[in-house]
Every structure is written in C-alpha cells, then in structure tokens.
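Participant: Can you keep this structure in mind? I'll have questions shortly.
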C-alpha cells in the first residue's frame with residue numbers, strides 16, 4: 001500500500017528554496033569547528049533529487065552541523081547513499097541523532113518536512129522518538145543492526161494523528177574514529193490511514209498502535225520493540241478483488 005502523500009500530492013508541502021537550520025552550538029556540533037579558510041575543498045554532493053539540491057544550497061557553516069567541508073568522509077558518503085536511494089531512507093548521525101533524509105522520507109514525514117532536516121531526530125519526531133531513539137542509541141553502542149516488520153506507530157502528519165505501519169532495518173555506519181558514528185535506516189511505510197475497507201476496524205487499530213508504542217516506551221530496547229512488531233495485525237489490509245465479468249458465451253447450467 002502507498003503513502004497518502006504519494007497518491008495525494010495536495011497534502012504534500014513544497015520544497016523551499018532555502019532552509020533555516022539550528023544555529024551553531026559548540027556543545028552539540030558533531031564535527032570539530034575549524035576556521036573556514038583552513039578547510040580543504042571537497043567535492044559537492046552529486047545527485048540526490050530535491051534534498052540533494054538542499055544540501056548543496058545550504059550554508060552549513062552557520063548551522064550546528066558546521067561547514068560541509070568539515071564533515072567526515074563517512075558522513076558525506078553515507079548521506080550520498082541515502083539521497084540517491086529511491087525508497088524511503090534516512091541517516092541518524094552522532095549521539096544527538098542528527099536527522100538527514102531523502103525525498104521519499106520527506107514525503108513520509110508529511111508537514112514536518114522540511115523543518116525536520118538537519119535537526120536532532122528526538123526533537124522533531126517527538127511522537128515516535130520514544131521508540132526510535134533508544135533503538136538508534138543501541139545500534140551506535142553495540143554495532144548490532146536489526147530489522148522490524150509491521151510495527152504500528154501513531155504519527156502526526158498532515159495536521160492530524162494517523163496510524164502508520166512500518167517495516168524497517170537499522171544498520172550501523174562506521175566513522176573515522178573506528179567506532180560507529182551513524183545509523184542507516186531503510187524503511188517501507190504501509191499506511192492504512194484513510195484506506196480502511198471496514199471502518200469498524202479503525203478504533204481497534206488505534207488502540208493496538210497505542211499499546212505497541214507504550215511497550216516501546218517501557219522497554220526501549222530493539223529486542224523488545226522487535227517482539228512487539230513481530231505480531232502481525234489481526235486485520236489484514238487487502239485490496240478488494242475485482243469480480244471477473246461473465247462470459248456472454250458461457251453456458252450456465
């Protein structure tokens with residue numbers, strides 16, 4: 001099933017020509033600040049659609065992420081992979097979990113895009129950070145990736161709360177220090193909001209999503225979240241099967 005934003009463009013927010021990101025804060029910057037005139041030139045980001053344009057057009061030296069030329073090669077390489085991925089993809093970088101993502105992820109965020117780009121994930125995805133942030137921290141600490149199927153989470157998108165069902169994997173990204181500096185999530189969004197064949201299932205789905213999200217807040221580990229997400233919904237969303245037209249030449253007994 002497709003995201004409503006992909007099938008109803010009127011719900012999507014246009015990409016801005018410029019984006020204001022958080023001001024430089026020495027205690028939160030993941031890269032060490034260096035004078036801009038002492039930084040060696042680096043090749044610009046290639047491709048990446050609209051978000052690639054945003055990366056190239058942003059004056060990163062005035063943001064908390066510092067000058068683009070100061071970014072480690074591991075960050076620039078991982079971001080290039082994310083931006084040029086056709087499916088939903090993002091990058092959580094550093095202990096602050098800076099959120100960088102591609103065009104498809106921006107559509108899935110709804111009206112929180114593009115303000116979420118280049119900001120700490122726990123600050124912008126407040127409704128699901130209690131689930132995602134402990135998972136990101138666990139992968140950064142251990143280097144153990146994982147995958148989850150059909151995890152229901154309530155998200156506020158397009159100015160209303162919606163149930164979203166995600167299948168995703170988290171993979172660690174090694175940095176120049178030898179440790180893990182980032183997490184690469186690859187996602188598939190199955191969005192039943194507004195597509196219920198049986199409206200009576202709506203309240204039950206919302207209760208189940210709330211229960212799973214509370215489980216994530218209580219336990220907070222990838223293993224516990226994976227266990228919650230491993231149980232498939234009792235109601236399977238299916239497209240209605242079209243009835244085949246009767247053959248006029250067919251003889252019915």
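The values are calculated or read from the model by the stated rules, or taken from the named source; none is laboratory data. Just so you know, these numbers come straight off a predicted model, no measurement behind them. Cβ: placed from backbone, ideal geometry, glycine included. Neighbour counts: every protein chain shown.
Participant: Looking at the structure I just gave you, is residue 93 crowded, with 21+ Cβ neighbours inside 10 Å, within 18 Å of residue 188 (Cβ to Cβ) and touching a strand residue (DSSP E or B) at 6+ places or on another chain (Cβ under 8 Å)? Talk me through it step by step, then tell me what you get.
Facilitator: Details: crowded, with 21+ Cβ neighbours inside 10 Å: yes; within 18 Å of residue 188 (Cβ to Cβ): no; touching a strand residue (DSSP E or B) at 6+ places or on another chain (Cβ under 8 Å): yes.
Judged against the criteria, residue 93 is not a match.
Participant: Could you go through the range 147-160 and let me know if any residue there is touching a helix residue (DSSP H, G or I) at 6+ places or on another chain (Cβ under 8 Å), under 24 Å from residue 49 (Cβ atoms) and either part of a helix (DSSP H, G or I) or in contact (Cβ under 8 Å) with a residue 60 or more places away in the chain (or both).
Facilitator: Checked the range 147-160: at least one residue is touching a helix residue (DSSP H, G or I) at 6+ places or on another chain (Cβ under 8 Å), under 24 Å from residue 49 (Cβ atoms) and either part of a helix (DSSP H, G or I) or in contact (Cβ under 8 Å) with a residue 60 or more places away in the chain (or both).
Participant: Among the listed residues 79, 54, which satisfies the condition of being within 20 Å of residue 124 (Cβ to Cβ) and touching a helix residue (DSSP H, G or I) at 6+ places or on another chain (Cβ under 8 Å)? Steps first, please.
Facilitator: Values: 54 fails: touching a helix residue (DSSP H, G or I) at 6+ places or on another chain (Cβ under 8 Å).
It is 79.
Participant: Given the conditions (1) in a helix (DSSP H, G or I); (2) free of Cβ contacts under 8 Å to residues at least 60 places away in the same chain, report the number of the one that residue 138 does not fulfil.
Facilitator: Every listed condition holds for residue 138 apart from (2).
Participant: Also: Right, residue 62: surrounded by fewer than 19 Cβ atoms within 10 Å (Cβ to Cβ) and either in contact with a strand residue (DSSP E or B) (Cβ under 9 Å, 6 or more places away or on another chain) or under 24 Å from residue 177 (Cα atoms) (or both) or not? Let's see the steps before the verdict.
Facilitator: Numbers: surrounded by fewer than 19 Cβ atoms within 10 Å (Cβ to Cβ): yes; either in contact with a strand residue (DSSP E or B) (Cβ under 9 Å, 6 or more places away or on another chain) or under 24 Å from residue 177 (Cα atoms) (or both): yes.
The answer is yes for residue 62.
Participant: Look at the range 116-162 and say how many of its residues are under 12 Å from residue 183 (Cα atoms), surrounded by fewer than 18 Cβ atoms within 10 Å (Cβ to Cβ) and in contact with a strand residue (DSSP E or B) (Cβ under 7 Å, 6 or more places away or on another chain).
Facilitator: 3
Participant: Name the residue, out of 81, 100, that is under 13 Å from the mean Cα position of the chain (by Cα), at pLDDT 95 or above and either buried (at least 20 other Cβ atoms within 10 Å of the Cβ) or outside any strand (DSSP E or B) (or both).
Facilitator: Working: 81 fails: under 13 Å from the mean Cα position of the chain (by Cα).
After ruling out the rest, the residue left standing is 100.
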